[in-house]
Structure formats: structure tokens, C-alpha cells
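**Q** Just passing along the structure, written as C-alpha cells.
Nothing in this text is a laboratory measurement; each read-out follows from the coordinates by a stated rule. Computed from a predicted structure; not experimentally measured. Reconstructed Cβ throughout: ideal geometry from the backbone, glycine too, with neighbour counts over all protein chains shown.
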Amino acid sequence: MGEFELIGRYFRSVALEGAGSPEHVTLGIGDDAALIAPAAGKQLVVSTDTVVLGTHFPHDYIPANLAYRAIAAAVSDLAAMGARPLSFTLALTLPEVDESWLQSFAEGLTDAARDHRISLIGGDTTRGPLNINVTVFGEVRPRNVVRRGDAHAGDLLCVGGPLGDGAGGLAVALGEHLPGDISDTARDYLFQRFWRPLAQCDLGLELAGVASAGLDVSDGLIADANHLAQASGVALHIRVADLPCSEALHAWPQAQRREWMLGGGDDYVLLFTLPVASISCLDVWSSLGFGVKVIGEAVAGSGIWLDDGQGLEEVVVHSGFQHFQGGGNV
């Protein structure tokens, strides 16, 4: 099967090309490049993610889940900026043409595109070691962009959902260190949270123009909170007792849950600061079903400080996973 036949058979579909907002795609798949027209008064937001076997996902995987995870992780960056997803491109490197693999991958890609309301507009396929590169495009009004560097002392520190599920899900996916009494329901929930996380796009749109600063939790709460604190020039105080934890994670001892909630990555929930003047938004978001939780506050100073119930203690922050510094393989 040649490249163009492969693209036509697996990646040219009404579902993939129309999953987002077709009115913003002036020219999609089939030409030398795609054309995107954001709505009047809005800017394009662009982010690129690369997914590599053994670094970002285990060797034992289902292609549909891999496709879904690749899209969700990339779209989460748009949500963090308060942007509405529009479209994406896919660059796929394959060691060989395996039609059953491609069929499964395309199904997961379609599921992710529909769930995140984002259209496939182009890309590339080539032969080589398995590598997936996704570039996502979104739109946002300039005054509504949520950046990392605009938090102020006195802001509330909030998170958009449970923490630690990504790390727990990886443990389930690898079949490692599982509690003997973990239920099938908990196992399935965590497996899905690792392989099929849903980027918090709707919450991101709510935060646009309201949150003072934000980002998504991909490297772990402490590492990502430190990114926000450094960019904004503030200290962040985090109350450990207020960290949201899913029921599924309670299968593990408290010490393990704490470690994953603070240092586990791949949660893809939004971490943001909220001016006290906008505190009424918390009730509105709760009524809309968003699981936003206040977990601390921004204060003058620097660093990340944890309150474990016995006073504040500054954390020695590790940077989270970084490529070219060893380790990090799954």
C-alpha cells in the first residue's frame, strides 16, 4: 500500500475531517498545505506534541488507545490557554504497513477527534521507527488568553479534577504493584484515565478571561505548579488535605496516593489561579459539573510550599520528566 492509498483509506473520512468546526477550514486534506481561518477578532493558538514508543507509552498497547491519548495530550495544551480547538495535523512514522494496526489507530483517532471536537486537516506518513507527531490549532480572543505568567499574590490556586489518576493508570496499564483487592471498576477507570484522558476544553473556555494564569498538569502537580510560580514570580502554597483524589485511587495506601497526586504526571487536568474577586465562578462551575477544587493560594515570594497539616514546608522541586536527561521510559 502506498502513502496516498494509506491516507485515503484510513485518514480521509467525514468523521475525522468534520469533527471540529469545518467553517474554519478553508482548505483541508488533499493539497500541499491546509488553510485555516480563525473567527474575526481571534488569534490562532498552536501546539505540537510528539509521542515515542517506550518514552511516552508502554510497548504493550492498543493502537486505538494510543491514537486517542496522542490527540488528548496535544489538545490539553489548547485547553490550558483558554482556546477552542479547531483542527490538527498528524505526522505518522510507521515501521511497516499493518492494516489491522492502522484500522484500530484510525478508530481511536476518530473517537478522540469527535470527543474533542477537532478536525483532521492534513499531515504526513513515512516509514521508520514508530513515532506520532500531532500539531493542534485553536482560537482565542487576545484578551482572554490564559498564560502561565500572570498569577498574583492573593489569587486562589485551583485544580480542575482529580490528581494521581495518570500515574495510577500507568501502574494498571503495566500491571505493576497493583493492590490485591483493587476492583474491576477501579482498574478499568484508571486504565481509561491513562489511555483515554479527556482534555478539559470546556473548562478551559470557562477560564478564558477569568483565570489569571494556568497550565495543564502533564509533568505532575509539583513540577507544573513550579512552572507557573516561576513564570509569575510568586510562591504557591498547596494544602495536601485539599488535593482531589478519585475513589479508584483509594485502592492504594495513603502514602502512594500522596506521591502520585503530588508527583505523578499525565493527569491532563487544568491547574490555574483565580482572583478572589472571581470566587463566585466556583459555584457556577460546580453547577455546570466541573470538579474544580481550591487547593491553595499564590503569595508573595518564590517556590512551592506544602501544608501537610503541620505547617508549611518548602518543596525541593524536581523539574518533572525532561528528554535527554535519562530515565523516563515506560
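**Q** Tell me the label-point distance for the pair Asp308, Ser100, using the 7 Å Cα-to-Cβ offset, in nm and rounded to one decimal.
**A** If labels sit at Asp308 and Ser100, their model points lie 5.0 nm apart.
**Q** Among rounded, prolate and oblate, which fits the range 237-308 when a ≥ b ≥ c are the square roots of the eigenvalues of its C-alpha gyration tensor, a/c under 1.5 means rounded, and a/b larger than b/c means prolate?
**A** On the way: a/c = 2.25, a/b = 1.24, b/c = 1.82.
Oblate, because a/c is 1.5 or more while a/b does not exceed b/c.
**Q** Also, quick follow-up: So, in nm, how far is label Val316 from label Ala241 when the simple model puts each one 7 Å beyond its Cα toward the Cβ?
**A** 2.7
**Q** Report the net charge of residues surrounding Leu78, where surrounding means a beta-carbon distance below 13 angstrom and charges are Lys +1, Arg +1, Asp -1, Glu -1.
**A** Local charge sum for Leu78: -2.
**Q** Another one. Using a basic spin-label model with each label point 7 Å from the Cα along Cα→Cβ, how many nm lie between Ala300 and Glu176?
**A** About 4.5 nm, to one decimal.
**Q** Follow-up. If I require 15 Å or longer along the helix axis, counting alpha carbons, and a Kyte-Doolittle average no lower than -0.5, what helices from the chain are left? Use full DSSP H segments. Could the numbers behind the result be given before it?
**A** Values: long enough: 63-80 (26 Å, 0.86); 99-116 (25 Å, -0.72); 184-195 (16 Å, -0.93); 221-232 (16 Å, 0.40).
Taking the DSSP H segments of the chain (at least 15 Å long, mean hydropathy at least -0.5), we get 63-80, 221-232.
**Q** Follow-up question, since we're still on this one. Report the full-extension gain for the segment Arg117 to Ala277: residue separation times 0.36 nm, less the Cα-Cα distance, to one decimal in nm.
**A** Stretched out fully, the Arg117 to Ala277 stretch lengthens by 54.4 nm.
**Q** Which residue fluctuates most in the GNM of the chain (Cα springs below 10 Å): Ala19, Ala167, Ala277?
**A** Result for the chain, Cα springs under 10 Å: Ala277 fluctuates most.
**Q** Which shape class applies to the range 3-144: rounded if a/c is under 1.5, otherwise prolate when a/b exceeds b/c and oblate if not, where a ≥ b ≥ c are the square roots of the Cα gyration tensor eigenvalues? Intermediate values should be presented prior to the final figure.
**A** Working: a/c = 2.06, a/b = 1.49, b/c = 1.39.
It comes out prolate by the Cα gyration axes.
**Q** Suppose we keep just the DSSP beta bridges with both residues in the chain; what percent of those would be antiparallel, to 5? Show your work: numbers first, answer last.
**A** Values: 40 of 55 bridges.
If I count the DSSP bridges inside the chain, around 75 percent turn out antiparallel.
**Q** Sum up the charges of everything whose Cβ sits under 10 Å from the Cβ of Gly28, counting Lys and Arg as +1 and Asp and Glu as -1, but leave Gly28 out. Display every interim value, and only then the final one.
**A** Details: positive: Arg12; negative: Glu17, Asp31.
With Lys, Arg at +1 and Asp, Glu at -1, the net is -1.
**Q** Counting Lys and Arg as +1 and Asp and Glu as -1, what is the net charge of the other residues whose Cβ lies under 11 Å from the Cβ of Cys158? Walk me through the numbers before you get to the answer.
**A** Values: positive: Lys293; negative: Asp155, Asp242, Glu297.
Around Cys158, the surrounding residues sum to -2.
**Q** Ok, one more. If you stretched the chain out fully between Val284 and Gln43, how much longer would it get, using 0.36 nm times the residue separation minus the C-alpha to C-alpha distance?
**A** Values: separation 241, 0.36 × 241 = 86.76 nm, distance 2.70 nm.
My answer for the length gained is 84.1 nm.
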